[in-house]
Structures are given as structure tokens and as C-alpha cells.
Amino acid sequence: TTTLTIALDAVPRVTVSGPATDGSGHGWPLYAKVTVAGPSGAADYTNPTNGRYSLTLPAGATYTLTFFPQYPGYQTIPKEVVVGTRNVVTNVSVPVAIESCSTAPGYEYGSDGEYETFDGTTAPPGWTVVDHQGHGQVWKFTDDGARGNLTGGTGGFAMIDSDDYGSGNTQNTSLVTPVVDLTAVTAPVIRFNQDFRFLGINKADVDLSLDAGATWTNVLRQTANARGPLVTEIPIPQAAGKAQVQVRFHYYDASFDWWWEVDNVLVGSQVTCVPTNGGLVVGHVRDQNDNGYVNGATVTSVDRPAEKATTAATPDDTGLADGFFWLFSSLTGPHKFTARAGSYVSQTNVVDVEADWT
């Protein structure tokens, strides 16, 4: 046995850093985990207040950085970085995922026409429910029969449930969109998720009006199962450039049949993710007695109580203290926020919320 001692010189190391920001309209700093593929095993979290990260990597190589946003609704983004002998600044702009738009803070669905996800318990603004028989057995948004969303959509949905109305009853009802302006749309469609369970002679029609509901033309008649999860798309070139377009979902000739569920209705050509007014508020809740951090505290906007967050520990992010919270505030300028926890005395601070910032 011979022992051979070899001294290896470390490859020089450089710093890869930069900010991660929102890339769908707000532009605020993004809280994200950043990992590096390969043997370096390097990882970091961005600072929630400015989005900055910093990684130390061996020089003279190409690395793939992956950004995992810690706020919901954003895409996971890979970024290839070529590292030479000097420090590298790599900025990354992370967009919201269109399919998760409604979960991203400060965003809502939009379109070049009309788009509706039916996440409330009543008819959305501008939509109407018509009872053609006057029996009160109409489209609802509360899933009284506990069917669940079978359309392939998520969250709430619109439903006419003939089975839930029971034997001896009949239904003839329409769900009607607002008047939609498609003057700037060249290739409009009607697209929606659905689950139509057929039984007997009940019918599920989609009708189109070009004169704000004065006259209607049938563009789809369903007299057989169209079971979900199912996306149905109907081209409506006759509506291109028209300013008074309406669509209705007409369910009729039904008596103790099954149901029709509809979700994610688009009248137009594309769905977009639209930023709403507001900014992010981040911070920590601490114990005033010993200066420790309080997890499980609730931080609430006094002027808009539905906007609130719960503080949590951050064991994976060693650079961020526990008791951390973040929330989206739709109110900008000076507003009060109150922290509450267990048997602590509540504390209220004024925060000057800046639009499109943290």
C-alpha cells in the first residue's frame, strides 16, 4: 500500500445575485426560494422586502437557477446563468400562472370580452338568471345537491340540478351573460367547462344574441351526456366586431332529470390575468415581553377585515425570522393593521401601503 497525497486547489468562487420581482403587472419584490441544479447544492431565499438573493458558486460554469415563489399563483421559473470569473447580477421576473390567477395576490381574471368563474354564491354582477316558468327552480351557485365541481374547473360553479328539485317538478331556466362588447375581437368563441348529465328529454342549449338579447340563435344543443371534466368551445365568427353580444345557457324540458354544471365561461378570444390596485404588506409579530417571535398570530386590515394573514415559523429560510406574515392590501396609503394572538393584548400599527410594492 502506497499513500499518495494530492492537494487540490479550490476553484475561485463568485457571487450570483439579483432581485426576483413580479412579472405580471405589479412588479413588486417577490419572496421565493432559489435553488441551483448540480453538485454545488447552493440555495437561498429572496428577501421578502426587496426580492434580493445571493449565491456563491464556483467560477467558470453554467448553472440553472430555479425560482420557487412562496406566494401562491406564480409560475416556477428556471433561469440559466453563465458564470465567468466575475460576480454576476441576474434579475428574474416571475409571471403569474394564468390557470392560478385567482389565487395570486393582487390579481383577478379578465379577458377581451367576458370571463366568469362563479366563485360567489349568487349570480355574478351583470349576469342574470331567468325563470321561464316562474316556479323558482332555476340556476344556482350553491351546489344544494352536494355534487361537487365536476366540470374540471375549481371552486364555485353554476348549476341547474333537476334531480335535487325532485319528482313532480319541471325546470325551464336560463343563465344569461352581461352584454359583451366584442368590437375589438376578430375571432371570438364561447368556451366553458361543463358537466351535463342527461336523462330523458331534458335539453341543454347555448344560445347567442347579437342585439343585447332581443333575438337569440341556437349555437349548441345537447341531448346526450356531455360529462365532465369537459371543456367545450364554440366559434362565433358572427359575433366578431359586434358591440351587443350576449350568451345564454338554457336548460329546459326537464323533470326529475339529472343536472347541468357550467364553469369558467369565456365570451371572447382570450383569458388574461389582470392586476388589481394594491400592495403587499409583510412583517413579523413579536412578543413585547421577551422580544421573541409569535407564530399563529392574526394580522388584519382594520379598514378591510377580509384581508388578513396568520404568522408562521420559517424553519427552511434561515435568513428570515419566525412570526412572519404577508398579505395583499387592496387599500393603499396609510391604513391600520391589527395583530391578535391568544391572551396577548392586541396591537395596532399604521402602515403606509404603497401600490405595486412591498
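Brief remarks on what is shown
- Qualifying residue in the range 246-268 (condition: open to solvent by less than 60 Å² (accessible area, probe 1.4 Å), touching a strand residue (DSSP E or B) at 6+ places or on another chain (Cβ under 6 Å), not aromatic (Phe, Trp, Tyr) and not in a strand (DSSP E or B)): no
- Residues of the range 280-333 satisfying the condition of being touching a His at 6+ places or on another chain (Cβ under 8 Å), open to solvent by less than 20 Å² (accessible area, probe 1.4 Å) and small (Gly, Ala, Ser): Ser301, Gly323, Ser329
- For the range 216-236, filtering for residues that are under 29 Å from the mean Cα position of the chain (by Cα) and either in a strand (DSSP E or B) or among the basic types (Lys, Arg) (or both) leaves 10.
- The set of residues from the range 164-184 being over 27 Å from Ala212 (Cβ atoms) and open to solvent by less than 40 Å² (accessible area, probe 1.4 Å) comprises just one member, Gly166.
Yes or no, residue by residue, for (1) assigned to a loop (DSSP other than H, G, I, E, B); (2) in contact with a Ser or Thr (Cβ under 6 Å, 6 or more places away or on another chain):
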site: Leu175; (1), (2): no, no
site: Asn193; (1), (2): no, yes
site: Ile201; (1), (2): yes, no
site: Asp205; (1), (2): no, no
site: Leu208; (1), (2): no, yes
site: Asp211; (1), (2): yes, no
site: Ala214; (1), (2): yes, no
site: Gln238; (1), (2): no, no
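- Filtered residues of the range 323-358 (kept if farther than 17 Å from Val285 by Cα and free of Cβ contacts under 8 Å to residues at least 24 places away in the same chain): Gly333, Pro334, Asp352
- Pair list, Cβ < 8 Å and 6+ apart or interchain, from the range 1-29 residues that are within 25 Å of Tyr107 (Cα to Cα) and assigned to a loop (DSSP other than H, G, I, E, B) to residues that are of a type in the set (S, T, N, Q) and open to solvent by 90 Å² or more (accessible area, probe 1.4 Å): none
Here's the yes/no breakdown for (1) without any contact (Cβ under 8 Å) to a residue 60 or more places away in the chain; (2) assigned to a loop (DSSP other than H, G, I, E, B); (3) out of contact with any Leu (no Cβ under 9 Å at 6 or more places or on another chain):
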site	(1), (2), (3)
Val129	yes, no, no
Gly145	no, yes, yes
Gly148	yes, yes, yes
Gly152	no, yes, no
Met159	no, no, yes
Val185	no, yes, yes
Phe196	no, no, no
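- Filter result for Val302 (in contact (Cβ under 8 Å) with a residue 12 or more places away in the chain, in contact with a helix residue (DSSP H, G or I) (Cβ under 8 Å, 6 or more places away or on another chain) and at negative phi): no
- Any hit, the range 265-279, residues being of a type outside the set (Gly, Ala, Ser) and closer than 23 Å to Asp143 by Cα: yes
- Matching residues, the range 98-124, being among the charged types (D, E, K, R) and either assigned to a loop (DSSP other than H, G, I, E, B) or open to solvent by 40 Å² or more (accessible area, probe 1.4 Å) (or both): Glu99, Glu108, Asp112, Asp119
- Test: residue in the range 57-77 that is open to solvent by 30 Å² or more (accessible area, probe 1.4 Å), assigned to a loop (DSSP other than H, G, I, E, B) and either at pLDDT below 95 or more than 30 Å from Gln270 (Cβ to Cβ) (or both): yes
- Out of Tyr71, Tyr115, sole residue that is more than 30 Å from Ala254 (Cβ to Cβ) and not hydrophobic (A, V, I, L, M, F, W, C): Tyr71
- Residue that is touching a Lys or Arg at 6+ places or on another chain (Cβ under 7 Å) and either within 25 Å of Ser255 (Cα to Cα) or surrounded by 19 or more Cβ atoms within 10 Å (Cβ to Cβ) (or both), where the choices are Arg191, Arg147, Arg197: Arg197
- Meets criteria (under 22 Å from Trp326 (Cβ atoms) and open to solvent by 10 Å² or more (accessible area, probe 1.4 Å)) for Pro95: yes
- Residue count, the range 35-56 (criterion: surrounded by fewer than 18 Cβ atoms within 10 Å (Cβ to Cβ), of a type in the set (A, V, I, L, M, F, W, C) and part of a strand (DSSP E or B)): 1
- Of all the residues in the range 15-34, those that are buried (at least 19 other Cβ atoms within 10 Å of the Cβ) and farther than 24 Å from Phe328 by Cα number 1.
The values are calculated or read from the model by the stated rules, or taken from the named source; none is laboratory data. Computed from a prediction, not measured in an experiment: that's the story for all the values here. All Cβ positions, glycine included, derive from the backbone under ideal geometry; neighbour counts span all protein chains shown. Ligands, DNA and RNA are stripped out before the accessible areas are found, and what is left, the full protein with its side chains, is counted by its heavy atoms. Shrake-Rupley method; radii C 1.70, N 1.55, O 1.52, S 1.80 Å.
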